[in-house]
1. Could you tell me which of the residues A:212, A:153 is at pLDDT 95 or above and within 23 Å of residue A:435 (Cα to Cα)?
2. With the checklist (1) crowded, with 16+ Cβ neighbours inside 10 Å; (2) over 10 Å from the mean Cα position of the chain (by Cα); (3) of a type in the set (Val, Ile, Thr) in hand, flag the one item residue B:76 doesn't pass.
3. Working only within segment A:420-439, note down all residues that are closer than 29 Å to residue A:201 by Cα and out of contact with any helix residue (DSSP H, G or I) (no Cβ under 8 Å at 6 or more places or on another chain).
4. What pairs come up if the first residue lies in segment B:9-23 and is among the hydroxyl-bearing types (Ser, Thr, Tyr), the second is not in a helix (DSSP H, G or I), and their beta carbons are under 9 Å apart, counting only those six or more places apart or on different chains?
5. Please verify whether residue B:22 is more than 10 Å from chain A (Cβ to nearest Cβ), polar (S, T, N, Q) and under 13 Å from the mean Cα position of the chain (by Cα), treating the condition exactly as stated.
6. Residues in segment B:1-24 that are in a helix (DSSP H, G or I), touching an Asp or Glu at 6+ places or on another chain (Cβ under 9 Å) and not hydroxyl-bearing (Ser, Thr, Tyr): how many?
Amino acid sequence: MINLREVSETNEMISKENLDVRTITLGISLLDCIDSDKEKLKKNIFDKIYESAKDLVSTGDRISKYYGIPIVNKRISVTPIAMVGGAACKTPEDFTEIAVTLDEAAKKVGVNFIGGYSALVSKGMTAADEMLIRSIPLALSKTERIMSSVCVGSTRTGIDMDAVRLMGDVIKQTAELTKDNDSIGCTKLVVLCNAPDDNPFMAGAFHGVTEGDKVINVGVSGPGVVKTALEKVRGESFEVLCETIKTTACKVTRVGQLVAMEASKRLGVPFGIVDLSLAPTPAIGDSVADILCEMGLESAGAPGTTAALAILNDQVKKGGVMAASYVGGLSGAFIPVSEDQGMIDAAECGSLSIEKLEAMTCVCSVGLDMIAIPGDTPNTTISGIIADEMAIGMINQKTTAVRIIPVIGKGVGDNCEFGGLLGHAPIMKVNPFSCSDFVNRQGRIPAPIHSFKN
Amino acid sequence: MSKTIITVVGKDTVGIIARVCTYLADNSINIEDISQTIVQGYFNMMMVVDMEKCEKHFIDVAEELEKLGNDIGVIIHAQKEEIFEKMHRF
């Protein structure tokens, strides 16, 4: 029988340490919606999303009340739209119409984001892929709830540098079209290497083609829970430190597993994976940077940060694997800047630079995330930052990502405000030296030697 | 049928258990176990209850208990026991 101490521990995690289920994400395959008639395609997409997800939000809310655990977001991921729209869309504007349909469907079923306005071009782009990518700036400026991602590399294929170069332009255009709101469009656009097919977290969520027709993926969070647990073991050995993170991560993931199974049962949709990611929010006590400080750093970015983050990321994965029947997605520690008050403070006080963040991405679960840079940063420099990050992912066989915001009209020393969960950020300094001759080369970077495993 | 855990947390005052138990009795909710402590003047109670004979929906009961807590000045939660079982038992 469960006892008072255990009940109190769980409820304090929820009420004082911001434990929550960050998202229930319903993955929906749109492959059976494909039609060469654009209007028919739009209708098929809207109808399938509506039929599949009409009970998602109410079911999530009900599960939340049964267990007394907040379920913050209910979301949808769909098959990469470049594949779905290829037969019907002949121009980037045609793809934008699909984006509007997705946005309408998201609003109709009440989810806050729909991910999958995406193209997977890690080795090359089809005509449809390129059209979708070119449509992203307009699509993101015309919609509210669309999330877009482009996978430009993988360990098995190498990096498509033509796509990397194009993404530098696309990010800048997206920033321009949303410049009245601190270029907020770029917060909904991520460039990926080794993108997982089952990630429930935005902006990189899409329903991979390896998935079934529908799937429930759940993302749990809880940086505050880990931080509080570590407060009790200050000064203890690395063994104790690691064990504490692992045990805590395990408990948190168990809640995710419970919610995932319940959502799967109630919606009649197979359970996919639990993603245990320490996903910070700008709320006080919900910060990954604060965990790093609790581990013994004066500020995130100080020497030792990469080692501390490596420990955190690895122990979170180890704890999570034991706790859930299927673990997937990104699972680990996210290090966004604008969404984490501790990271914002670190960037403002000068302890954290883009170069240190890049080093941290070698050992975190994703990559350069929610970093605001000067609006006049050259497109080729943005492509260079992407290429560096993709190379880290390709060589180290891990997912990496770039979600970077060139804030038009602002420079180093200014601040930008995205609001809500997206937070706010100081504009960070970018290395001023050029890489344009490098990124302007045509073609792709070959797959690394360790990709040949056949 | 799974059990429900009711927790009551707040500043200690006369009649907390009486008010909660009266509500449960009025709604045919059977108390199977109670444990309670007071730490530094703060009241912390947990009940394991069976709601099988209760005619109201779980979510309505949870909301009514929350309101009752507001009246008394304590925080009352009703949660399905699985969240605690899952987290603390393998």
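The values are calculated or read from the model by the stated rules, or taken from the named source; none is laboratory data. Note that the coordinates shown come from a computational prediction; the quantities given were computed from them, not determined experimentally. A quick note on method: Cβ atoms are made from the backbone with ideal geometry, for glycine too, and the neighbour counts reach across all protein chains shown.
1. A:153
2. Looking at each condition in turn, residue B:76 falls short on (2).
3. Listed by number, the residues that qualify are A:420, A:421, A:427.
4. Hits for this filter: B:13/B:43; B:13/B:73; B:13/B:74; B:23/B:29.
5. yes
6. So the count comes out to 1.
Matching residues to (1) part of a helix (DSSP H, G or I); (2) not basic (Lys, Arg):
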position	(1), (2)
A:141	yes, yes
A:144	no, yes
A:148	no, yes
A:159	no, yes
A:168	yes, yes
A:172	yes, no
A:175	yes, yes
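Rundown of residues vs (1) out of contact with any Pro (no Cβ under 6 Å at 6 or more places or on another chain); (2) within 10 Å of another protein chain (Cβ to nearest Cβ); (3) at pLDDT below 95, yes/no style:
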{"site": "A:1", "(1), (2), (3)": "yes, yes, yes"}
{"site": "A:9", "(1), (2), (3)": "yes, yes, yes"}
{"site": "A:25", "(1), (2), (3)": "no, no, no"}
{"site": "A:48", "(1), (2), (3)": "yes, no, no"}
{"site": "A:51", "(1), (2), (3)": "yes, no, no"}
{"site": "A:57", "(1), (2), (3)": "yes, no, no"}
{"site": "A:61", "(1), (2), (3)": "yes, yes, no"}
{"site": "A:65", "(1), (2), (3)": "yes, yes, no"}
